[in-house]
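Heads up, the thing below is written out as structure tokens.
Quick note: the coordinates plus some simple rules give every number you see, no bench work behind them. Source: prediction; values computed, not measured. We place every Cβ from the backbone using ideal geometry, glycine too, and count neighbours over all the protein chains shown.
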Amino acid sequence: MTKFNMNDLETFARSGITPIDLKRKLTDMLDSSIHCKANVESLNRDTGEYRIVLQGTLETGRRY
């Protein structure tokens, strides 16, 4: 499994990221999270446009 870290979040802001690369990065991020949730913020059934907000906590590797 690929470890996702805070620096990888910058890749989401890049324009031109392909759907395949976005899927890979999202999968890596979710797999590296200890907590996550998704909220559908908006959905336009006529155009298919949607907005989903992800919120979570990345595993930092620190043990308490």
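A compact table of results
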quantity: Taking Phe4, Phe12 and counting other C-beta atoms within 10 Å, the order from fewest to most; calculated: Phe12, Phe4
quantity: Backbone HN-Hα couplings from phi across segment 40-45 [Karplus 6.51/-1.76/1.60, Hz, Gly and Pro as x]; calculated: 7, 7, 7, 8, 10, 5
quantity: Angle between the chain longest axis and helix 19-31 axis [Cα atoms, degrees, rounded to 10]; calculated: 40 degrees
quantity: Karplus 3J(HN,Hα) series, Hz, for segment 32-37 with 6.51 cos²θ - 1.76 cosθ + 1.60 (x for Gly, Pro); calculated: 9, 9, 9, 8, 7, 8
quantity: Sequence of Asp46, Asp8 once ranked by neighbouring C-beta atoms within 10 Å, starting from the fewest; calculated: Asp46, Asp8
quantity: Table column - 3J(HN,Hα) (Hz), segment 47-53, Karplus curve with 6.51, -1.76, 1.60, x for Gly and Pro; calculated: 9, x, 6, 9, 9, 10, 10
quantity: Mean Cα-pair separation over length for segment 6-58, i.e. relative contact order, pairs under 8 Å, 6 or more apart, %; calculated: 31 percent
quantity: Gyration tensor (alpha-carbon) shape descriptor, segment 3-64, a/c threshold 1.5; calculated: oblate
quantity: Extended-chain gain in nm, criterion 0.36 nm per residue less alpha-carbon gap, Arg51 and Lys37; calculated: 3.6 nm
quantity: Distant-in-sequence amide H partners of Ser33 (H built 1.01 Å from N, under 5 Å); calculated: Glu59
quantity: The chain - mean residue ellipticity at 222 nm from DSSP helices (-39,500 (n - 2.57) per run, n ≥ 4, rounded to 500); calculated: -6500 deg cm²/dmol
